[in-house]
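Trainee: My questions will all concern the structure given below.
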Amino acid sequence: MKVYSISELTEGVRAGDKRLLGKAITLVESTAPTHRPQAEELLQALMHYTGKSVRIGITGVPGAGKSTFIESFGKLALQHGKRVAVLAIDPSSTRNKGSILGDKTRMEELSREPNAFIRPSPSSGILGGVANATFESMLICEAAGYDFILIETVGVGQSEVLVSDMVDVFLFLKIIGGGDELQGIKRGVMEMVDLIFINKVNDENRRQAKNTKVELLRALHFMPSKEEKWKVPVVLGSALENEGLDELYLKMQEFIALKKASRSFHHTRRRQAEKRFDYWVQQYILQKTQSENSGDIYNELKQNAADFQENPSSAAKKFIDKFFD
Ligand SMILES: Nc1nc2c(ncn2[C@@H]2O[C@H](COP(=O)(O)OP(=O)(O)OP(=O)(O)O)[C@@H](O)[C@H]2O)c(=O)[nH]1
Ligand SMILES: [Mg+2]
């Protein structure tokens, strides 16, 4: 297998070469510490070309239709002359029974489009790690000139928080009926969301969908608004039948325009970058503290904690004090 230099990867990404784009993403996804310096070099080289896309997070319970939605919405965006990249976060390892395969077929048409790029979720790593890899993959896609980055996440556990911390627009895909309560109009999600799409609406359930919309709007009314002057819209439609997507597209454009005008678009990104910085400070401190020259004392104190001889936080404090001495 050919090993590419960073300048080859950088140029490939900038030229929109999908194969090299894929390689570049593989590099930042790597959990091997030896790959990290190259990843840093690549990200730094691409830095000036990032930031120009709109980053869109899509959440919803398994089966809500996120992938189908992305396929339809992505094609719509292409019609509007946009280039579209799709990334996925799937933090639950129990769910790897073919969701990638499924997504490939579900986004089949989109994946064949020259102006679209689809990357399945990284399959391993801890929660923060996966999310971080997605963040960096997103930057690389931006440098490759994609206008929209769509991030699919499963609406379970922490993943929504992680995604909402890296996007400009957060979309909640909801389905009516069938264990609706389970998909929890979780308060947390409602506070994060910018747009809601009720999916799989058809003639039989339209009335029910409208009721759900009223309920959602009522619930939203009592939520603190994330964006001043923005009332979270609830759009009815069907990703499969291509219904309601034009309306959603317009609402999204409206939201982005508003966010840009109020400067919150910029400010949110600044806050997100600060969080990434803190994340990496922790990562690198951890890495350094585990490096060979501090390894003994690190292992010794960790052992003490494991043996219940020292309180874990006290042992950690002792280690850090020694380390930064
Ligand atoms: N009738 C109908 N079916 C839909 C619609 N959208 C999606 N589906 C179907 O719902 C099923 C699940 O769709 P996906 O797009 O895979 O859902 P997902 O949210 O990506 O699922 P996970 O990735 O597994 O969490 C598929 O069989 C779709 O064909 C819709 O608007 N109407
Ligand atoms: Mg999916």
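Taken together, the values in this text are just the output of simple stated rules run on the coordinates, not laboratory data. Computed from a prediction, not measured in an experiment: that's the story for all the values here. Note: ideal-geometry Cβ built from the backbone for every residue, glycine included; neighbour counts use all protein chains shown.
Trainee: I need the P(r) histogram for the range 1-49: all alpha carbon pairs, bin width 5 Å from 0 out to the longest distance, whole percents.
Mentor: Taking every Cα pair in the range 1-49, the percentages come to 5, 23, 35, 26, 9, 2.
Trainee: Grab the Cα-Cα distance for LYS2 and ALA306, subtract it from 0.36 nm times how many residues apart they are, and report the gain in nm with one decimal.
Mentor: 105.1 nm
Trainee: Another question, then. Could you please rank PHE222, PHE265, placing first whichever residue has the fewest other Cβ atoms within 10 Å of its Cβ?
Mentor: Ranked by crowding around the Cβ, least crowded first: PHE222, PHE265.
Trainee: Follow-up question, since we're still on this one. Once the convex hull of the C-alpha atoms of the chain is built, how many Å³ does it hold per residue, rounded to a whole number?
Mentor: 176
Trainee: Sort out for me the Cα centre separation of the range 7-45 from the range 245-320, rounded to whole Å.
Mentor: Comparing the Cα centres of the range 7-45 and the range 245-320, I get a distance of 22 Å.
Trainee: Another question about this same structure. Which of the peptides 81-87, 166-172, 316-322 is most tightly packed, and how do the rest follow, going by the mean number of other Cβ atoms within 10 Å of each residue?
Mentor: On the way: 81-87: 21.6, 166-172: 23.6, 316-322: 14.1.
In decreasing order of mean packing, 81-87, 166-172, 316-322 become 166-172, 81-87, 316-322.
Trainee: If you count the DSSP beta bridges with both ends in the chain, what percent of them are antiparallel, to the nearest 5?
Mentor: Of the beta bridges lying entirely in the chain, close to 5 percent run antiparallel.
Trainee: Please sort 300-308, 131-139 by packing, taking for each peptide the average over its residues of neighbouring beta carbons within 10 angstrom, highest first.
Mentor: Details: 300-308: 13.3, 131-139: 23.2.
Ranked by mean Cβ neighbours within 10 Å, highest first: 131-139, 300-308.
Trainee: What trypsin sites (Lys or Arg not before Pro) does the range 1-32 have in DSSP loop regions with at most 10 other beta carbons within 10 Å?
Mentor: Answer by residue number: LYS2.
Trainee: Would you order VAL61, VAL214 from fewest to most other beta-carbon atoms within 10 Å of each residue's own beta-carbon?
Mentor: VAL214, VAL61
Trainee: Here's another thing I want to ask about it. Would you mind working out the magnitude of the charge dipole of the chain relative to its Cα centre, with +1 at each Lys and Arg C-beta and -1 at each Asp and Glu C-beta, to the nearest 20 Debye?
Mentor: For the chain, the charge dipole is close to 660 debye.
Trainee: Let me ask something additional. Positive end of the dipole of the range 200-297, charges at C-beta (+1 Lys, Arg; -1 Asp, Glu), about the Cα centre: which of TRP280, SER264, ASN242 has its Cα farthest in that direction?
Mentor: SER264
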